[in-house]
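The values are calculated or read from the model by the stated rules, or taken from the named source; none is laboratory data. Everything numeric in this text was worked out from a predicted model, so none of it was measured. Backbone-built Cβ (ideal geometry, glycine too); neighbour counts: all protein chains shown. SASA here: full protein model, heavy atoms, side chains in, ligands and nucleic acids out. Shrake-Rupley method; radii C 1.70, N 1.55, O 1.52, S 1.80 Å.
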Amino acid sequence: MLRLPRRRLLTLGGAALIGTLPAPRIGNPFTLGVASGDPLPEGVLLWTRLAPKPLEPAGGLPPVGYPVEWQVAADERFTDVIRQGTTNAIPAYGHSVHVDVQGLRPGRDYFYRFRSRGHVSPVGRTRTAPAKTASPKAFRFAITSCQAYADGYYDAWRHLAAEEFDVVFFLGDYIYEGAITSAGGNRMDDTLRLPDTFQLETDTLDLYRMRYALYRTDPDLQAAHAAFPWVLTWDDHEVQDNYADDVSRFTTTPKNDFLVRRANAYRAYWENQPLRWPRQPAGPDMSLYRRFRFGDLAHAYVLDTRQYRTDQACGDNLRAGCDDRNDPGRTLLGAGQRDWLLDKLGRSEARWNILAQQIMMAECRYGGPANRLDMDKWDGYTVDRRRILQTAARKPGTVVISGDIHNNYAADLRVDFARPETPAVAVELVGTSITSGGDGKDTTPQLDMQRRWNPHLRLANGQRGYVRCELGRDTMRADYRVMSQVLRRGGTISTRASFVSERARPGLVTP
Ligand code: FE
Ligand code: CA
């Protein structure tokens, strides 16, 4: 539980008292927008963070707490307020606010806002999950990941905010830990001048907090958070590129040093995302895998493929002839998470089961004479992959959604990828990045090669954007939405490819 400074709690008699607290005036603290997430049938988590000077340490706030009022209404103008209350934004949590609203009605839109020290936040819209016993006709979601700030503009988020989704899945690489030049990297239309601290790789808690603040200052990202509830998981860059459990990408880093960094990163992650209180980390450990239910139509299993994995096989990167990757002692999920998933998935009675996770599950041969595989992906952890796909083979309607790789792929998943004549047991939708990698191209020689060597791939595309997906009772439809550009502002969006898959007979076909 949050421990509040006692003397401040005593002053929280009601809204009228707030203006009389003896604290210095501050500028508008709502520079980072608002967010909601982890929707349940009767509740949702609301988030904001106070930061009047978002690019300064501690958001420019002194180390004292501030009361924050919150409201949830049935209408955008807040004439019908359903729930309200007051909480505290305290420095120990980076002045973040996490409100676990309960007592809402299932499958409804709600509006929310915050108020502190005379300032009112932007209004967010959110939506509760359908009742557990409901039989929804459709579930609409977005597949998003990888938004390197320095790699381009967030116009994709603005386009996404104008669509209709029940949930936005964000599958990792929310921040990148590397240096950002004072001009904001490759964002070419601004005369931005970032403080020098952004040229430091993130490792301390303050640097991670400031990195989240920089990202959240973007109005297009704020619009996407304010439009829908998000369900997030992380990948590597929220801590460090290609780390595995307690192993840094630099093998010379002592484990204890790396775990201190991981603790800082996980703490900043929890503070800056719409996640419930019980998920907050204890030191370097944070439980992020969890399940969401959308009536009887879809269950979503949100996975963490970083925190518990065996170190990458054969020295990581692209390798050929690596037998270690098939070692039954290796795990991507860790025994606890894997057993949880196999148990829940095996007993699921939902029409569809979504595995929301970071990295590409389909085998992906890179082609060329050596025909290498990527040891950071499921290809480096084949025993866990096989067990999941064997379970999926008994469960029609398994959809794996992935990020990480900055390309769009659509794949039929087989228990044995070397036997293309066998039936697909599930489908995978790999969403490209929002910005990471810059403008990108429809195809490249490497993507051509991958298509040639992986007959289960129905699409390989290298543009930016997101995937729009709708699950009906019997049919899934996915639209790959791609951006004309991200290095300059004003990129337009279009649908590059669409696929459908029948629940009873998995396999991606063009509609
Ligand atoms: Fe990425
Ligand atoms: Ca990644």
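Please state which one of GLY152, GLY85, GLY124, GLY94 is free of Cβ contacts under 8 Å to residues at least 24 places away in the same chain and open to solvent by less than 40 Å² (accessible area, probe 1.4 Å). Write out each step before concluding.
On the way: GLY152 fails: free of Cβ contacts under 8 Å to residues at least 24 places away in the same chain; GLY124 fails: free of Cβ contacts under 8 Å to residues at least 24 places away in the same chain; GLY94 fails: free of Cβ contacts under 8 Å to residues at least 24 places away in the same chain.
Step by step, each of GLY152, GLY85, GLY124, GLY94 is checked, and only GLY85 is free of Cβ contacts under 8 Å to residues at least 24 places away in the same chain and open to solvent by less than 40 Å² (accessible area, probe 1.4 Å).
Are any residues in the stretch 124-159 among the aliphatic types (A, V, I, L, M) and within 16 Å of ligand 1 (Cβ to nearest atom), and if so, which ones? Let's see the steps before the verdict.
Within the stretch 124-159, the first condition is being among the aliphatic types (A, V, I, L, M), and the residues that meet it are 129, 131, 134, 138, 142-143, 148, 150, 156.
Selection gives ILE143, ALA148, ALA150, ALA156.
Suppose we keep only residues that are farther than 19 Å from ASN272 by Cβ and of a type in the set (Val, Ile, Thr) within the stretch 34-72. Which one would you say is most open to solvent (accessible area, probe 1.4 Å)?
Of the residues in the stretch 34-72, the ones farther than 19 Å from ASN272 by Cβ are 40-43, 62, 64, 67, 69, 71-72.
Checking the rest, the ones that are also of a type in the set (Val, Ile, Thr) come to 64, 72.
On the way: VAL64: 43, VAL72: 4 Å².
It comes out as VAL64.
Identify, from the list ARG115, ARG108, the residue that is touching an Asp or Glu at 6+ places or on another chain (Cβ under 6 Å) and either of a type in the set (Lys, Arg) or within 16 Å of ligand 1 (Cβ to nearest atom) (or both).
On the way: ARG108 fails: touching an Asp or Glu at 6+ places or on another chain (Cβ under 6 Å).
Answer to the check: ARG115.
Of the residues that sit in the stretch 344-392 and are of a type in the set (Gly, Ala, Ser) and touching a Ser or Thr at 6+ places or on another chain (Cβ under 8 Å), which one is most open to solvent (accessible area, probe 1.4 Å)? Even if it seems obvious, please write down each step before you answer.
Pass one, the stretch 344-392, residues of a type in the set (Gly, Ala, Ser): 346, 348, 350, 356, 362, 367-368, 370, 380, 392.
Okay, now just the ones that are also touching a Ser or Thr at 6+ places or on another chain (Cβ under 8 Å), so 346, 356, 392.
On the way: GLY346: 27, ALA356: 0, ALA392: 1 Å².
That would be GLY346.
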Can you tell me which of (1) within 16 Å of ligand 1 (Cβ to nearest atom); (2) out of contact with any Phe, Trp or Tyr (no Cβ under 7 Å at 6 or more places or on another chain); (3) among the small types (Gly, Ala, Ser) is the one ALA265 doesn't meet?
(2)
So how many residues does the stretch 127-149 have that are open to solvent by less than 20 Å² (accessible area, probe 1.4 Å) and either within 16 Å of ligand 2 (Cβ to nearest atom) or in a loop (DSSP other than H, G, I, E, B) (or both)?
9
Odd one out for LEU303 among (1) touching a residue at least 12 places away in the same chain (Cβ under 8 Å); (2) open to solvent by 20 Å² or more (accessible area, probe 1.4 Å)
(2)
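Of all residues in the stretch 398-417, how many are more than 12 Å from ASN353 (Cα to Cα) and either outside the structural domain of THR305 (by TED's automatic domain parsing) or open to solvent by less than 10 Å² (accessible area, probe 1.4 Å) (or both)? Explain how you work it out, then say what you get.
Of the residues in the stretch 398-417, the ones more than 12 Å from ASN353 (Cα to Cα) are 402-417.
Adding the requirement that they be either outside the structural domain of THR305 (by TED's automatic domain parsing) or open to solvent by less than 10 Å² (accessible area, probe 1.4 Å) (or both) leaves 402-403, 408-413.
Final tally of qualifying residues: 8.
For every residue, the table says whether it meets (1) farther than 23 Å from PHE170 by Cα; (2) in contact with a Gly (Cβ under 6 Å, 6 or more places away or on another chain); (3) basic (Lys, Arg); (4) within 16 Å of ligand 1 (Cβ to nearest atom).
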| residue | (1), (2), (3), (4) |
| --- | --- |
| GLU428 | no, no, no, no |
| ASP439 | no, no, no, yes |
| THR444 | yes, yes, no, no |
| ARG451 | yes, no, yes, no |
| GLY462 | no, yes, no, yes |
Tell me whether the stretch 487-510 contains one or more residues that are buried (at least 21 other Cβ atoms within 10 Å of the Cβ) and within 16 Å of ligand 1 (Cβ to nearest atom).
no
Select from the stretch 405-423 the residues that are within 16 Å of ligand 1 (Cβ to nearest atom) and charged (D, E, K, R) and list them in ascending order.
none
Total residues in the stretch 324-342, condition buried (at least 18 other Cβ atoms within 10 Å of the Cβ) and either among the acidic types (Asp, Glu) or in contact with a Gly (Cβ under 7 Å, 6 or more places away or on another chain) (or both)
1
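Check LYS441, LYS395 and return the single one that is touching a helix residue (DSSP H, G or I) at 6+ places or on another chain (Cβ under 9 Å) and either outside the structural domain of SER494 (by TED's automatic domain parsing) or modelled with pLDDT under 95 (or both).
On the way: LYS441 fails: either outside the structural domain of SER494 (by TED's automatic domain parsing) or modelled with pLDDT under 95 (or both).
Within the list LYS441, LYS395, the selection yields LYS395.
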